[in-house]
Amino acid sequence: MMIARIIYALRACWRYRSELMQFISDPSLQINKVLDLTPHDLFGHDVRGLILDFDGVLAPHAALQPNQKVISWLEAFAREFAPYKIYVLSNKPTRERLEYFTKHFPNISMVIAKRKKPYPDGLLQIIKISALDAKQLMLVDDRLATGIVAAVSVGVQGCWVTNPYVDLKTNPVRESFFIGLRFLEKVMIKLMR
Ligand SMILES: [Mg+2]
């Protein structure tokens, strides 16, 4: 239910407003693009499993596969990060995306959650299948009120992408909507302080 999910998101943002404010004010919790992330950074934070959001982080909205630069980054990253695991947790785990990862990155698991972020279902699933502590996992996400708040709520480390991929030419309406949403959630969290 869409409305239930919005209410859940608002309540979660209120509950974790100080943690979310940290993401807005502390550059060490942010990243410009996922390309800037190195296995070395993760080892420095004791991260043994990486969870990647799709839309905005790996590609613009509705893309069928990751951006070309991200693909090259992911190949190198996965090689260096091995034997540790990478997971993809998207609110839109489409068949094309699933097939893409199965075919090109068989070691990366795309997790299908019962309920979308900000519900923690997908993260809890990953904690279980990875057999890691929540704090040994890191979620990279461009949305504070969905991915980041879900991570905070279950003790998974968060990394907030501040310059997500957008494709206004292909998807002007949807991308503008999400640009507005990202802006609004930031304003809302600042007002909740
Ligand atoms: Mg996203």
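Skip the ligands, DNA and RNA, and give the accessible area per residue of the chain with a 1.4 Å probe, whole Å².
That works out to 52 Å² per residue.
Quick one: putting +1 on the C-beta of Lys and Arg, -1 on the C-beta of Asp and Glu, what dipole do you get for segment 2-192 around its Cα centre, in Debye to the nearest 20?
620
If you add up the charges near ASP141, with Lys and Arg at +1 and Asp and Glu at -1, over every other residue whose beta carbon is less than 10 angstrom from its beta carbon, what do you get?
Around ASP141, the surrounding residues sum to -1.
What's the center-to-center distance, using Cα atoms, between segment 1-63 and segment 138-193 in Å?
Answer, in whole Å: 7.
In percent, how large is the relative contact order of the chain, given Cα pairs closer than 8 Å and 6 or more residues apart?
It comes to 29 percent, rounded to a whole number.
ARG143 accessible area, nearest 10 Å², 1.4 Å probe?
30
Run the accessible area of segment 2-192 with a 1.4 Å probe and give the carbon-and-sulfur part as a rounded percent.
Result for segment 2-192: 58 percent of the exposed heavy-atom area is carbon or sulfur.
The values are calculated or read from the model by the stated rules, or taken from the named source; none is laboratory data. The structure presented is a predicted model; accordingly, all values stated were derived computationally and were not measured. Please note: Cβ atoms are built from the backbone with ideal geometry, for glycine as well, and neighbour counts cover all protein chains shown. The accessibility values were calculated without ligands, DNA or RNA, using every heavy atom of the protein model including side chains. Shrake-Rupley method; radii C 1.70, N 1.55, O 1.52, S 1.80 Å.
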